[in-house]
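To start, the structure under review is shown below, and the notes come after it.
The values are calculated or read from the model by the stated rules, or taken from the named source; none is laboratory data. Here the structure is a predicted model, which means the values were calculated and not measured. Glycine gets a Cβ as well: all are built from the backbone with ideal geometry, and neighbour counts include every protein chain shown. Each accessible area value is taken on the protein alone, full model and side chains, heavy atoms only, with ligands, DNA and RNA left out. Shrake-Rupley method; radii C 1.70, N 1.55, O 1.52, S 1.80 Å.
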Amino acid sequence: MKLVTKDGAWEERSFEPAAGEGKGGGRAPAGAGHPREVEPASDAGAAKAKARQQVYRRLREAGAARFPFPIEGRIPNFKGAERAAARLRELDVYRRARALKVNPDTPQLPVRAMALADGKTVYMPTPRLRGAFLRIRPEDVPRGEERRAAQLGRAAEYGRFVTLDEMTPEAAPIDLVVAGAVAVTRDGARAGKGEGYADYEYALLRELGHPELPVVTTVHPLQIVERLPVAPHDLSVDIIVTPDEVIFTRTPYPKPRGIHWEAVTPEDLEAMPVLQELRALQWERMQVPDVLAPGLGAVFVGLNPGRASATAGHHFAGPNNLFWRLLHEAGFVPRVLRPEEDGLLPRWGLGVTNVVPRATRGEADLTWDELRAGGAALREKVARFRPRLVILLGKQVYRAYAGLARTAPVEWGLQPRQTVPGVAEFAAPNPSGRSTVPYAERLRLLREARAWLAGGAGGGR
């Protein structure tokens, strides 16, 4: 069985069985190589929920479910999980693996115990990704205690929690991913509990530099359903192992290549601190999403994200940045917002963006060519969203937006020109705590901008 990759995707022959493998003749059905259309999110969620209920009902009615109960809301444990693990042991993709990432659910306990007994290192994510990964090395498990060491409640006695720095391909040569499933199809579509943790775990490994890894699941035959919708972030399965057969899915569905940060909510970051750790580790690759909408009263423009903002995924997140305090005291918002609340700004007719999306330690790390290119993109953005006023936080920010020379003189306040016709522009100091402009002066200028918007002194429209 050769693992052959092409342009980042597994070819159909990637998981053809070697001689003697695939007992039961499991194969993807005819036409499985043709991807289905992706269903709308609401329809897809409903379809997956229906498939889960169908599987839970089947397992209960057949008496095939095992402790823990109730099985609803879980990766269901099933009778024959040990036989499925034994069948997995026969596959070359398992035999060659030095280390496995295995989900912590009960039906995969036999796989974890087997891997330790076979001299393989097991990486087990903490439930719901609340913490780091737990690494259990076979040399740390006395012979005969593999099953105890593989139990979720006992594993920490034998293993060690590792940081993301210790999960890189060089430090953690993972060769195989074993994922739990509630429902699967013969062409590799998968539905978990519905919380997306397996998808995140795989995407996290890709973010850390791991190549596309083969994915196996062990399930009861009653967990195989005819159809499941597939979303771009869903983790597909290459091999399905049941107590009775091995199915090489030749899945047409691509696996996550990384985390779709734009879809990660503040609640996700709070619930899964490992994502915050990843952002901190890779902050220079991170971008902070714009907060924009058509027809806002004012859009604030910063230079580019700093390390703290890139790590947090929110604007002006540095501990010494005064933006949110100034915004409140100038009268733009009714209270001091937290950086993670930047998405609320449109409620008050406000938006925020940057000239350059690339995160750096400071302004000195940006080139003037980057600023000019960012200024051109910013002008297009302003022309598209058309706020009443654009507030440019810093003289270099203003020069880039207005297309001026690098050393052109700039005065603070409302500008006499409109770089984008119909959109007024206002230059104000950078809100950084390192700015040499006194706080009182910065506050006065933002209050002047707020008065202009309100139609008072300053000539609001």
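In the chain, a dipole from Cβ-located charges (positive for Lys and Arg, negative for Asp and Glu) runs towards its positive end, and of 281, 424, 204 it is 424 whose Cα lies farthest in that direction.
What does the accessible area per residue of the chain come to in Å², with a 1.4 Å probe and no ligands, DNA or RNA counted?
Accessible area per residue, the chain: 44 Å².
Of the residues 374, 293, 453, the one whose Cα sits farthest towards the positive end of the charge dipole of the chain is 453 (charges of +1 on Lys and Arg Cβ, -1 on Asp and Glu Cβ, taken about the Cα centre).
Kirkwood Rh and Cα-based Rg: tell me the resulting Rg over Rh for the range 311-461, rounded to two decimals. Walk me through the numbers before you get to the answer.
Numbers: Rg = 14.8 Å, Rh = 16.0 Å.
Expressed as Rg/Rh, it is 0.92.
Derived from the Cα gyration tensor, the three semi-axes of the equivalent ellipsoid of the range 126-229 are 26, 18, 13 Å, largest first.
Normalised by the number of residues in the chain, the average gap of Cα pairs under 8 Å and 6 or more apart makes the relative contact order 13 percent.
Of the accessible area of the chain, computed with a 1.4 Å probe over protein heavy atoms only, carbon and sulfur atoms account for 51 percent. If the Kirkwood radius is taken over C-alpha pairs of the chain, then at 10 °C and 1.306 mPa s the Stokes-Einstein diffusion coefficient equals 64 µm²/s. Note that the range 90-106 has calculated 3J(HN,Hα) couplings of 6, 8, 4, 4, 7, 4, 7, 5, 8, 9, 10, 9, 10, 5, x, 6, 4 Hz, one per residue in order, obtained from phi through the Karplus relation 6.51 cos²θ - 1.76 cosθ + 1.60 (θ = phi - 60°); glycine and proline are x.
Beta carbons within 10 angstrom, averaged per residue: use that to sort the peptides 180-189, 277-286, highest first.
Details: 180-189: 25.7, 277-286: 17.8.
Ranking, from highest mean packing down: 180-189, 277-286.
For the range 311-326, the Karplus equation 6.51 cos²θ - 1.76 cosθ + 1.60, evaluated at θ = phi - 60°, returns couplings of 5, 7, x, 9, 6, 6, 8, x, x, 9, 6, 9, 4, 5, 5, 4 Hz by residue, with Gly and Pro reported as x. A simple rule links phi to the HN-Hα coupling: the Karplus curve 6.51 cos²θ - 1.76 cosθ + 1.60 with θ = phi - 60°, which for the range 288-301 gives 9, x, 4, 10, 9, 7, x, x, 5, x, 8, 10, 8, 10 Hz, with x for Gly and Pro. Here the Debye sum runs over all C-alpha atoms of the range 47-128 as equal scatterers in vacuum, and log10 of I(q)/I(0) at q = 0.10, 0.14, 0.22 Å⁻¹ comes out as -0.29, -0.55, -1.04. The range 334-391 and the range 242-275 have Cα centres separated by 31 Å. Do the sum for the chain: with -39,500 (n - 2.57) for every DSSP H run of n ≥ 4, divided by all residues, what is the mean residue ellipticity at 222 nm, to the nearest 500 deg cm²/dmol? Mean residue ellipticity, 222 nm, calculated: -8500 deg cm²/dmol. Averaging over all projection directions, the Cα-based convex hull of the range 224-306 occupies 9.8 nm² in the image plane. Measuring against 25 Å, Cα to Cα, the residue pairs 79/255; 50/120; 79/101; 101/193; 50/101 contain 79/255; 50/120; 50/101 as the ones spanning a longer distance. For the range 252-385, the Kirkwood radius over C-alpha pairs fed into Stokes-Einstein at 4 °C and 1.567 mPa s yields D = 81 µm² per second.
About the Cα centre of the chain, how large is the charge dipole given +1 on each Lys and Arg Cβ and -1 on each Asp and Glu Cβ? Please answer in debye to the nearest 20. Walk me through the numbers on the way to the answer.
Details: 66 positive and 55 negative charges, 121 e Å.
The dipole of the chain has a size of about 580 debye.
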